[in-house]
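In what follows, a structure is listed as C-alpha cells, so that the remarks can point back to it.
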Amino acid sequence: MGSWRRLLVFGGMLLRGGGGTSVSLGGSRVLVCRRQLSGADSETLKQRRTQILSRGLPKQKPIRGVKQVIVVASGKGGVGKSTTAVNLALALAANDSSKAIGLLDVDVYGPSIPKMMNLKGNPELSQNNLMRPLLNYGIACMSMGFLVVETAPIVWRGLMVMSAIEKLLRQVDWGQLDYLVIDMPPGTGDVQLSISQNIPISGAVIVSTPQDIALMDAHKGAEMFRKVHVPVLGLVQNMSVFQCPKCKHRTHIFGADGARRLARTLGLDVLGDIPLHLNIRETSDTGQPIVFSQPESDEAKAYLRIAAEVVKRLPPPLE
C-alpha cells in the first residue's frame, strides 16, 4: 500500500514521521500528508470514486408522452429568453402543423409565460390527479404563474422551489408532444442542474444580447450544459440591432456580433439574429406573440428560421 509521510505541527511542536519534510507558509507550518500508490491501488481508487459519484446522480427519466425536450436558457436575466422561448414554440408549430408543441415555464420566481401567452386560470386535474396544461395558440402551457396569485411574490427557500420544479416536471398530463420547450430561469443554479440531471434533454438554446456583460454569463451557461452532457444546439443573438422606424438608420445598441464571436470560441453556431424591435415588445406585453399575430413580419420570420435551425440540429426523438 506504500508508505505514509506525515508532518504535524501543533502548539509550536514539530512531529515528523516517515521521513517527511516541513513546509513553511508565511512563517507558520502546515500539515502535509502524502501517499504513494501503486498502479493497481490507483486504479482501484479511481473505480471506487466513480462508483460513489454515480450513486449521487439521479437516473434520468423521460417526461411521459414527450418525445423531445428543448431548453431555452441564458446566463443572466433581461436578454429576452422568455420571449425567445414563446416565439420558438410557436415557430416550431408554424413550421410543421403536424407537430404537437408544449411550453413549460420553470422560472418559479418570475413566471412570464402566462402573460405572454395570454393565459389565466388554474389547471384542471385529470383522472390520474395530474395537472392539465392550459392551451392557447395551439400550444399547451404550464407555469407556476397558473398556481399562484399574479401579483403575489414567491418567497420560497431552495427546497420548496425544487419541490415545485419536480411537480411541474412529473405531475403534468402533457398528452403526446413532439417538442416540449422549457423556459429556464436565468443563471446556472440548482434548477438548471436538477432539470438537466433528471430528464433527458435533446438540446439547449442559449440566448444572449451582443453585450460583453451578457456574453460572459452566456459562456458560463453553455459550459454548464456541456458539463452535464446536454447538447448545446447554438446561440440566439437577441436585440442584435435597432432600426429607427423613421429614418431607417441601424444602430448596434448592445454591440455588433458579440454572440458570433462567442460562438466561434465555443465551437457553436449562431442559430439566428433577433432585432431590437418595438413590435416584439408590444406583442409580448399584450399576449399576442409576434409569430402568431404578425407571421409575415421580418421579426416573425427570424424566429421561424431559428426554429428550423433548431430542428435540424436535434438528435432522433425518443420512441
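The values are calculated or read from the model by the stated rules, or taken from the named source; none is laboratory data. Quick caveat: nothing in here was measured; it's all calculated off a predicted structure. All Cβ positions, even for glycine, are placed from backbone atoms using ideal geometry, and neighbour counts span all protein chains on display. Ligands, DNA and RNA are excluded from the accessible area calculation, which covers all protein heavy atoms including side chains. Shrake-Rupley method; radii C 1.70, N 1.55, O 1.52, S 1.80 Å.
May I ask you to give the percent of accessible area on the range 183-319 that is carbon plus sulfur, with a probe radius of 1.4 Å? The C+S portion of the solvent-accessible surface of the range 183-319 is 55 percent. Of the residues 99, 248, 81, ranked by 1.4 Å probe accessible area with the largest first, the sequence reads 248, 99, 81.
Out of the trypsin sites (Lys or Arg not before Pro) in the range 138-241, which ones are loop residues according to DSSP with at most 12 other C-beta atoms within 10 Å? Don't jump to the answer; show the numbers that get you there.
Working: sites: 157, 167, 170, 220, 226, 227; in loops: 157.
Of the trypsin sites (Lys or Arg not before Pro), the ones in loops of the range 138-241 whose Cβ has at most 12 other Cβ atoms within 10 Å are 157.
Rolling a 1.4 Å probe across all protein chains gives residue 296 an accessible area of roughly 140 Å². Put a dot 7 Å past each Cα toward the Cβ at residue 249 and residue 126; how far apart are the dots in nm? Rounded to a tenth, the inter-label distance reads 5.6 nm.
Ligands, DNA and RNA are left out, and with a 1.4 angstrom probe the accessible area of the range 66-313 is 46 Å² per residue.
The amide H of residue 76, built 1.01 Å from its N in the peptide plane, has 187 as neighbours under 5 Å, considering only residues 5 or more places off or on other chains.
Between residue 157 and residue 171, the contour length at 0.36 nm per residue exceeds the Cα-Cα span by 2.9 nm. Between residue 59 and residue 42, residue separation times 0.36 nm minus the direct Cα-Cα distance comes to 3.4 nm.
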